[in-house]
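The values are calculated or read from the model by the stated rules, or taken from the named source; none is laboratory data. The model shown is predicted, which means the values in this text are computed figures rather than measured ones. With ideal geometry, Cβ positions are generated from the backbone for all residues, glycine too; neighbour counts draw on all protein chains shown. Surface areas here come from the heavy atoms of the whole protein model, side chains and all, with no ligands, DNA or RNA. Shrake-Rupley method; radii C 1.70, N 1.55, O 1.52, S 1.80 Å.
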Amino acid sequence: MSNKQFDVVVIGGGPGGYVAAIRAAQLGFNTACIDEWKNEKGGPAPGGTCTNVGCIPSKALLQSSEHYEHAREHFAEHGISTGEVKMDVAKMLGRKDQVVKQNNDGILYLFKKNKVSFFHGRGSFVAASDGGYELKAGDESITAKHVIVATGSNARQLPGAPFDEEQILSNDGALRIPTVPKKLGVIGSGVIGLELGSVWRRLGSEVVVLEAMPSFLPTVDEAVAKEAAKLFKKQGLTIELGVKISEVKKDKKGVSVSYTDAKGAEQKLEVDRLIVSIGRTANTIGLNPEAVGLALDERGAIVVDHDCKTNLPNVWAVGDVVRGPMLAHKAEEEGVAVAERIAGQHGHVDFDIIPSVIYTHPEIAQVGKTEQQLKADGRAYKSGQFPFLANGRARALGDTSGFVKFLADATTDEILGVHIIGPFASELISEAVVAMAFKASAEDIARICHAHPSLSESTKEAALAVDKRTLNF
Ligand code: FAD
Ligand code: NAI
């Protein structure tokens with residue numbers, strides 16, 4: 001048993017935690033990170049939900065399934081004939097696992113490079129001690145002057161339908177289905193439902209999504225949500241809104257979901273497997289917050305202020321375990337800001353300009369306010385929209401669905417929101433985030449030279465559209 005002393009100990013090695021640990025070490029603190037995630041051999045697999053069962057594996061499968069669909073349906077347009085296109089699901093999943101492993105290894109390398117001590121095991125509070133905290137790190141006892149909790153989140157279960165990861169799947173099981181299900185049910189048409197529903201639809205499943213809300217993607221700009229609904233329907237994704245799930249039953253044949261539809265009629269959906277993606281809940285399992293009196297809210301999230309300070313001195317919390325959007329880049333920004341605050345610097349996160357992306361095809365990306373939010377706020381605004389159909393690069397790519405939409409203040413022209421549905425929206429949105437961080441106006445973007453031919457010319461054109469002077473539409 002050791003009793004190592006650290007300036008900063010981070011509990012959780014996901015994007016919030018591992019980045020916080022690296023930044024703290026860069027700032028000269030003697031830093032440790034504790035993470036309990038195990039790979040299939042029982043070894044360490046830092047990177048959290050994001051790396052192991054979230055952002056990274058989902059994007060690997062989205063890429064593979066997109067290649068497959070492309071080869072089957074679009075190569076011929078380019079004059080490429082391939083013969084029958086076949087798919088090897090085991091190989092696809094194996095490639096995804098390799099991508100995950102590269103990221104796990106990358107984080108372990110970064111810990112070494114930055115001299116962060118890594119403990120593989122569970123981290124928990126033992127007691128407050130003079131000028132710090134006693135902690136357990138796996139089997140070891142350690143002390144910390146500052147603790148950053150970054151213990152992430154878990155998938156929410158549907159009452160009466162616990163995850164077995166064989167038939168009733170969380171994101172974890174949904175990323176390793178061994179054969180393409182003939183019929184796949186998805187509960188929840190949020191980000192996971194749409195991304196993972198798209199993966200398995202592209203690979204050949206008939207996918208039916210059941211959503212409780214009466215409107216589709218209510219947090220996305222209405223024009224974008226409408227376009228997305230139209231495109232997903234065309235792709236063959238069935239999305240039923242306004243449903244109320246009453247019962248989920250499983251047997252050897254599959255899973256049956258009983259529900260009331262939007263018109264009040266009783267319905268039953270029979271599927272081979274069911275993904276339940278109805279949101280996530282903050283995770284403090286095993287952290288032992290009671291030992292030190294760390295305050296949680298009624299949903300189990302750690303209570304923090306704007307600066308990620310908890311109710312305890314020198315205990316901070318970041319990422320999915322606290323309020324705010326459950327996004328990897330939000331967790332990372334908070335982690336960096338906290339490390340800088342511990343160092344007496346002015347770490348800063350601008351919660352108004354955190355971008356969000358749904359990696360469907362086409363991708364959906366947004367930053368700032370939606371049109372419906374501006375209306376609700378009573379803010380006077382102008383809007384401009386430009387379709388990818390009128391963009392040369394999009395035509396060359398053969399990827400012309402969607403548009404870029406700008407919302408700007410009616411008087412000052414300051415950009416208030418940018419909404420993109422279309423090719424590489426995830427990359428295009430960064431220009432809007434930078435512009436908004438510098439309080440740019442739509443005219444600022446309209447006056448900047450954008451490379452030709454590029455998708456980003458649509459961003460410039462949408463900014464021009466705010467002043468009703470597009471050049472190519
Ligand atoms: P986590 O990543 O959950 O990490 C927490 C870590 O702490 C885990 O490794 C856990 O094992 C460890 N831990 C917990 N308790 C303890 C303990 N007591 N002791 C030791 N270790 C502990 N976000 C995006 O921005 N972009 C995306 O494309 C995206 N795709 C996603 C796809 C899916 C399928 C899912 C499920 C999520 C996705 N997310 C995405 C969300 C993203 O994964 C999370 O927002 C992000 O991982 C949160 O980071 P975190 O560091 O707060 O927590
Ligand atoms: P979500 O919050 O995005 O969507 C959940 C959906 O389920 C909502 O539309 C909700 O109305 C619906 N729902 C809730 N209860 C229901 C019920 N009983 N019956 C039917 N529908 C119900 O949550 P999701 O998709 O589980 O993802 C969790 C989090 O992971 C997201 O909040 C997101 O932050 C993160 N994530 C981010 C991604 C990205 O950035 N690209 C990708 C995947 C996940």
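Can you confirm whether residue 180 is away from ligand 2 (no atom under 16 Å from the Cβ), β-branched (Val, Ile, Thr), touching a helix residue (DSSP H, G or I) at 6+ places or on another chain (Cβ under 9 Å) and more than 21 Å from residue 235 (Cα to Cα)? Spelling it out, it is not the case that residue 180 is away from ligand 2 (no atom under 16 Å from the Cβ), β-branched (Val, Ile, Thr), touching a helix residue (DSSP H, G or I) at 6+ places or on another chain (Cβ under 9 Å) and more than 21 Å from residue 235 (Cα to Cα).
Only one entry in 416, 389 is among the aliphatic types (A, V, I, L, M) and part of a strand (DSSP E or B), namely 416. Pairing residues of the range 231-242 that are modelled with pLDDT of 95 or more with residues that are surrounded by fewer than 17 Cβ atoms within 10 Å (Cβ to Cβ) and not in a helix (DSSP H, G or I), at Cβ distances under 7 Å and at least 6 apart in sequence or on separate chains, gives 240/261; 241/213; 241/214; 241/215; 241/262; 242/214; 242/262.
Please find, within the range 237-246, the residue that is nearest to residue 214 (Cα to Cα) out of those that are within 12 Å of ligand 2 (Cβ to nearest atom) and in contact with a Lys or Arg (Cβ under 9 Å, 6 or more places away or on another chain).
Once the filter is applied, the top-ranked residue is 242.
Against the numbered list (1) near ligand 1 (Cβ under 8 Å from one of its atoms); (2) open to solvent by 10 Å² or more (accessible area, probe 1.4 Å); (3) touching a residue at least 60 places away in the same chain (Cβ under 8 Å), residue 57 comes up short only at (2). Among the residues of the range 364-377, is there at least one that is touching a strand residue (DSSP E or B) at 6+ places or on another chain (Cβ under 7 Å), within 16 Å of ligand 1 (Cβ to nearest atom), assigned to a loop (DSSP other than H, G, I, E, B) and open to solvent by less than 30 Å² (accessible area, probe 1.4 Å)? The answer is no, given that none of the residues of the range 364-377 is touching a strand residue (DSSP E or B) at 6+ places or on another chain (Cβ under 7 Å), within 16 Å of ligand 1 (Cβ to nearest atom), assigned to a loop (DSSP other than H, G, I, E, B) and open to solvent by less than 30 Å² (accessible area, probe 1.4 Å). When 387, 355 are checked against the criterion of being touching a strand residue (DSSP E or B) at 6+ places or on another chain (Cβ under 9 Å), under 19 Å from residue 438 (Cβ atoms) and not basic (Lys, Arg), a single residue qualifies: 355.
Check off (1) away from ligand 1 (no atom under 16 Å from the Cβ); (2) among the acidic types (Asp, Glu); (3) open to solvent by 60 Å² or more (accessible area, probe 1.4 Å); (4) under 28 Å from residue 366 (Cβ atoms) for residue 298 and give me the number that stays unchecked. With respect to (1) away from ligand 1 (no atom under 16 Å from the Cβ); (2) among the acidic types (Asp, Glu); (3) open to solvent by 60 Å² or more (accessible area, probe 1.4 Å); (4) under 28 Å from residue 366 (Cβ atoms), residue 298 is out only on (4).
Considering only residues that are within 15 Å of ligand 1 (Cβ to nearest atom) and outside any helix (DSSP H, G or I), look in the range 185-208 and name the one that is nearest to residue 359 (Cα to Cα). So the residue we want is 190.
Of the numbered criteria (1) part of a loop (DSSP other than H, G, I, E, B); (2) away from ligand 1 (no atom under 14 Å from the Cβ); (3) open to solvent by 20 Å² or more (accessible area, probe 1.4 Å), the one residue 134 fails is (1).
If we keep just the residues of the range 60-100 that are touching a residue at least 60 places away in the same chain (Cβ under 8 Å) and within 16 Å of ligand 2 (Cβ to nearest atom), which is farthest from residue 204 (Cα to Cα)? Step by step, filter the range 60-100, then rank; the result is 96.
Of the candidates 323, 280, the single residue that is basic (Lys, Arg), touching a helix residue (DSSP H, G or I) at 6+ places or on another chain (Cβ under 7 Å), within 14 Å of ligand 1 (Cβ to nearest atom) and over 19 Å from residue 144 (Cα atoms) is 280. Annotation note: of 348, 306, 361, the sole residue that is under 30 Å from residue 233 (Cβ atoms) and assigned to a loop (DSSP other than H, G, I, E, B) is 361. Filtering the range 309-320 to residues that are outside any strand (DSSP E or B), within 23 Å of the chain's Cα centre (by Cα) and under 11 Å from residue 148 (Cβ atoms) leaves 318, 319. Entry remark, the range 1-36: residues being of a type in the set (Ser, Thr, Tyr) and either more than 11 Å from ligand 1 (Cβ to nearest atom) or assigned to a loop (DSSP other than H, G, I, E, B) (or both) number 2 in total. Picking from residues in the range 148-205 that are of a type in the set (Val, Ile, Thr) and open to solvent by 20 Å² or more (accessible area, probe 1.4 Å), the one that is nearest to residue 281 (Cα to Cα) is 151.
Restrict the check to the range 149-156 and report whether at least one residue is more than 30 Å from residue 67 (Cα to Cα) and more than 16 Å from ligand 2 (Cβ to nearest atom). Checking the range 149-156: at least one residue is more than 30 Å from residue 67 (Cα to Cα) and more than 16 Å from ligand 2 (Cβ to nearest atom). Residue 146 fulfils the conditions (1) on the phi > 0 side of the Ramachandran plot; (2) more than 23 Å from the chain's Cα centre (by Cα); (3) of a type outside the set (Lys, Arg) except for a single criterion, (1). Assess whether residue 323 counts as being under 27 Å from the mean Cα position of the chain (by Cα), open to solvent by 10 Å² or more (accessible area, probe 1.4 Å) and either within 16 Å of ligand 2 (Cβ to nearest atom) or farther than 30 Å from residue 67 by Cα (or both). In short, yes. Of all residues in the range 144-167, those that are closer than 19 Å to residue 249 by Cα have Cβ atoms under 7 Å from Cβ atoms of residues that are open to solvent by 60 Å² or more (accessible area, probe 1.4 Å) and of a type in the set (Lys, Arg), 6 or more apart or on another chain, in 167/250.
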